[in-house]
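Some notes on the structure that comes next.
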Amino acid sequence: MSIVKMKHLRALGLREGRSKLLRRLRSMGCVEIDTPDELPQEWDFLSPPDGDELAHHLGEADELSAAIGILKGYGKEKSGLLTPLPQVAEETLFDEDAYRKALAAARQVNEARSALNAQQAKRSKLETQLHALEPWLELPVPLDMEGTAKTDAMFFSVSLRLPRAAVVERLDAATELYDLTWAGEDKEFRYFLLLVHKSAAQDVQAALLELGCARLNLRGWSGTAAENHRALKARLTELDQEAEVLQKTIEDNAQRVFDLKVALDKANQEVGLERAKARLLDSERTFLLDGWFPVEKESEVKAVLDEFGLAYEIADPAEEEYPKVPIQLKSNKLTDPFTVVTAMYSMPAYDGVDPNPFMAPFFILFFGFMMNDIGYGLLMALGTAIFLAKAKPKGDKGRMMSMFFMCGISSIFWGSLTGSFFGDFFPQLFKLINPELLNILKPPVGGGDPTWFWPPLFNPVNNTIQVMIGSMALGVIQVFTGMAISMVEKFKRGEALDALSNEVAWYCILIGAALAIAGPMVAAPLGTVGLVLLFGGLALLLVGNLIKSKGLGGLVGFGGAIYNGVSGYFSDILSYLRLMALMMAGAIIAQVFNTLGAVFGLVPFIIVALIGNVLNLVLNLLGCYVHTLRLQCLEFFGRFYKDGGKAFDPLAVHTNYVDVIKGGN
Amino acid sequence: MEFFEMFGGLGLAFIGIALAIVMCCIGSAKGTGLVGEAATGVLSETPEHFTKCMILEALPGTQGLYGIAAGFFALFVLGAFSGGIVPLTLSQGMSVLIACIPIAFGGWLSAKAQARVAAASINIVAKKPDDYMKGVILCGIVEFYAILSLVGTILMLMNAL
């Protein structure tokens, strides 16, 4: 419920025991290693360690993840959305022997895959060659035949569109000292062998070229086409057999994909460790470690440092160090999920406020207000509860789910006030089954058609004005809460004047103005009280500005403060109208789907209503999340939040594929 | 006046309803098309991001839905689903027509604007797939103006007759 106090650690140790120390710290998971800065000049000889080990582990991680990617296609492992991560003891994760074996398997898989790829290239080359040989299969002469003492042998191709007679005619016209043998055809060309007397060779060639024939060079071959064809076929069969062996190698390893995942997780831990190591500074025999840890871990950290014989200094951060202090939020079950939202915006500054406990109730309330549907709320709450119970998600995913669970409950609450279940599902359903059933349902308190099993308090579509006022009232409450937090913080820091001339003054002005306008409608003296408050507030604001800068500057500051304040509060509070807009839009779209379905009878109604409402739920989930988020981040945080911290990121075990059970290391 | 009388009240109302539906559908069609084109580039390299791309592509599609919802609501107000449409006076017809304007234009243009954000967010899917929800959130901001247009139209339709 607050920002965890941190201690700054600076330690010197011998390089010999360093890896073991870092492993121990990683297992504890409570020390963030930072790059030391502002070291005295005489420490200049220290330099960061080389990154060879890091590159080595990164390389292994790449190999493992490539192999896992390949094995994914062989799908031996079944894992559903609701399957929790398998649990693995810390010793198992870091088992060096198993890691080496998994790495060897990964290399085997990767090699088999690249061999298969190379084979594929060879295969397509062979297939092209086979294709090229096909027209010549019937020809009994070797393809590298050049001719005889008196004749030249030439191989030609000619378009199928040109009739054979045309070729023969042209040859006859050129010479009679030739012999033509037709070979096969393919889709575009027919092929032939021409034996021609050397004396006429040139003329014949020119004539044929003119006709559109192309001379082919088959010198790369030796022997007849049929012989070559057989040899190529045999080679292809060999390749098939080799491929089978390679495929089998990959398939055999497919059942080991889990081992590979564990190994990848280990490799990533080593990468993390090396990255942390890169932030240390080395001399020839020693290293310097700079870091942060939460105050409550002090004794544990000290014990380890003593055990490894480090010389160290532990200090509270000085105020000028605050921007460097990593931020950890101390949360309970209710507020922890909202760390996702805070982290998405920005972590608080070290001397700021943990916004989660203040934001959580508003977030839940606003989300439910906009969603306001029992059916949607139930779907959200049940869906997230089942996911949380079965898949046991950790980290941000788990936080998101818990957050949506709470928002679902809130949607059920607001839905029960507006009597909305998938919009007006029940009234429409009862109308279709038997209109007498409608008597079970009760109309809203303010009157109207019966909608729900108990009388709803209001209806977002019919009671627009009330919903609008309600939205802005919620806005006023949140903005005032933000101001209160800011005021308390200012008093704590001893900035009483600032608090008085800002938050206190504006409380008086805003409440005073509201009372002065609306008060007389209730009781006449309230108007006077309002006016007194309003002018008191204005006076505070003026005095505050005059103290800050005397004379004209103070007056200008006062004018500016009035303008900024009025426009700022006005636009901030109007911004909460989005609560109304989303509440109405969701309700209307649900009603439209239900009415549309009801036109065509009972069965189409159920189908259309279900599909339409699921679609509306998805739309609303996005809309409500985005706009609740916006109200927190802009309107609420803007009033008090001091951001700019960076999240505490200790050296720890972070796994993707397994859940690590803590044990000794 | 004679010009409008040629249409009759009901004719004017139907022009409004048609505008609400067709403008929104044009916007959504253009929008989803634009995002779809951008998505194919990523999918040709990394087909496993299909779901993320599809979610982004579907976002500018909601305006079409709002258009049909508004049109449907207008028909509902006119009594199409409760005993048949009654004849309208010119001013009533004109009210329905004007009431349909917010969603017709708000839906059309917000779909196009949202599509540009969604298409640009495809880059997030390509480079940092884990952060693609942030792109969806950026699109959600644009979506709000389609929602406001819809709410505006519905509020006006409720008071049109």
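I'm checking my understanding of the structure. Among residues of the stretch A:453-503 that are touching a residue at least 60 places away in the same chain (Cβ under 8 Å) and among the β-branched types (Val, Ile, Thr), which one is nearest to A:Ser420 (Cα to Cα)? Taking the candidates together, the pick is A:Val461. Take A:Ile250 and decide whether it is crowded, with 16+ Cβ neighbours inside 10 Å, of a type in the set (Val, Ile, Thr) and under 30 Å from A:Leu126 (Cβ atoms). Yes: the conditions hold for A:Ile250.
The residue that is surrounded by the most Cβ atoms within 10 Å (Cβ to Cβ), counting only those in the stretch B:18-49 that are under 19 Å from B:Ala119 (Cβ atoms) and β-branched (Val, Ile, Thr), is B:Val35.
No other residue among B:Leu161, B:Leu157 is touching a residue at least 24 places away in the same chain (Cβ under 8 Å) and assigned to a loop (DSSP other than H, G, I, E, B) apart from B:Leu161. Against the criterion of being in a helix (DSSP H, G or I), surrounded by fewer than 17 Cβ atoms within 10 Å (Cβ to Cβ), on the phi < 0 side of the Ramachandran plot and modelled with pLDDT of 85 or more, B:Ile15 qualifies.
Residue-wise test of (1) under 26 Å from A:Leu22 (Cβ atoms); (2) surrounded by fewer than 15 Cβ atoms within 10 Å (Cβ to Cβ).
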residue	(1), (2)
A:Leu280	yes, no
A:Glu284	yes, yes
A:Asp290	yes, no
A:Pro348	no, no
A:Pro355	no, no
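The number of residues in the stretch A:161-203 that are in contact (Cβ under 8 Å) with a residue 40 or more places away in the chain and surrounded by 16 or more Cβ atoms within 10 Å (Cβ to Cβ) comes to 13. Does A:Glu298 qualify as being in contact with a Lys or Arg (Cβ under 9 Å, 6 or more places away or on another chain) and either within 27 Å of A:Tyr350 (Cα to Cα) or among the polar types (S, T, N, Q) (or both)? So A:Glu298 passes the test. None of B:Met158, B:Met133 is within 14 Å of chain A (Cβ to nearest Cβ) and farther than 18 Å from A:Met583 by Cβ except B:Met133.
Does A:Pro435 satisfy the condition of being over 30 Å from A:Ser2 (Cα atoms) and either crowded, with 17+ Cβ neighbours inside 10 Å or away from every other protein chain (no Cβ under 14 Å) (or both)? Here the answer is no, as A:Pro435 does not meet what is asked.
In the stretch B:136-150, how many are farther than 15 Å from A:Cys624 by Cα and at the interface with chain A (Cβ under 8 Å from one of its Cβ atoms)? The total comes to 1. Scanning the stretch A:617-665 for residues that are assigned to a helix (DSSP H, G or I) and of a type in the set (Phe, Trp, Tyr) yields A:Tyr625, A:Phe636, A:Phe637, A:Phe640. Flag: A:Gly415 matches the condition of being in a helix (DSSP H, G or I), crowded, with 17+ Cβ neighbours inside 10 Å and touching an Asp or Glu at 6+ places or on another chain (Cβ under 6 Å). Restricting to the stretch A:526-540, name every residue that is in contact with a Cys (Cβ under 9 Å, 6 or more places away or on another chain) and surrounded by 15 or more Cβ atoms within 10 Å (Cβ to Cβ). Scanning the stretch A:526-540 gives A:Leu533, A:Leu534, A:Gly536, A:Gly537, A:Leu538, A:Leu540.
Hey, could you check the stretch A:456-477 for residues that are part of a loop (DSSP other than H, G, I, E, B) and within 14 Å of chain B (Cβ to nearest Cβ) and say which is surrounded by the fewest Cβ atoms within 10 Å (Cβ to Cβ)? Selected residue: A:Asn462. Considering the stretch A:593-621 alone, what residues qualify as being within 13 Å of chain B (Cβ to nearest Cβ), free of Cβ contacts under 8 Å to residues at least 60 places away in the same chain and more than 29 Å from the chain's Cα centre (by Cα)? Scanning the stretch A:593-621 gives A:Leu596, A:Val599, A:Phe600, A:Val608. Comparison of A:Cys633, A:Cys624 shows that the only residue that is over 26 Å from B:Ile21 (Cα atoms), out of contact with any Lys or Arg (no Cβ under 6 Å at 6 or more places or on another chain) and within 14 Å of chain B (Cβ to nearest Cβ) is A:Cys633.
With respect to the conditions (1) aromatic (Phe, Trp, Tyr); (2) buried (at least 17 other Cβ atoms within 10 Å of the Cβ); (3) within 28 Å of A:Asn463 (Cα to Cα), A:Phe558 lacks only one, and its number is (3). Residue count for the stretch A:268-278 under the criterion of being over 22 Å from the mean Cα position of the chain (by Cα) and crowded, with 18+ Cβ neighbours inside 10 Å: the result is 5. Going through the stretch A:573-592 one residue at a time, which ones are more than 7 Å from chain B (Cβ to nearest Cβ), buried (at least 22 other Cβ atoms within 10 Å of the Cβ) and not aliphatic (A, V, I, L, M)? Selection gives A:Tyr576, A:Gly586, A:Gln591. When A:Gly423, A:Gly383 are screened for being closer than 25 Å to A:Val608 by Cα and either under 30 Å from the mean Cα position of the chain (by Cα) or surrounded by fewer than 15 Cβ atoms within 10 Å (Cβ to Cβ) (or both), only A:Gly383 passes.
The values are calculated or read from the model by the stated rules, or taken from the named source; none is laboratory data. Given the structure is predicted, the values throughout are model-derived calculations rather than measurements. No Cβ is skipped: glycine too gets one built from the backbone with ideal geometry, and neighbour counts run over all protein chains shown.
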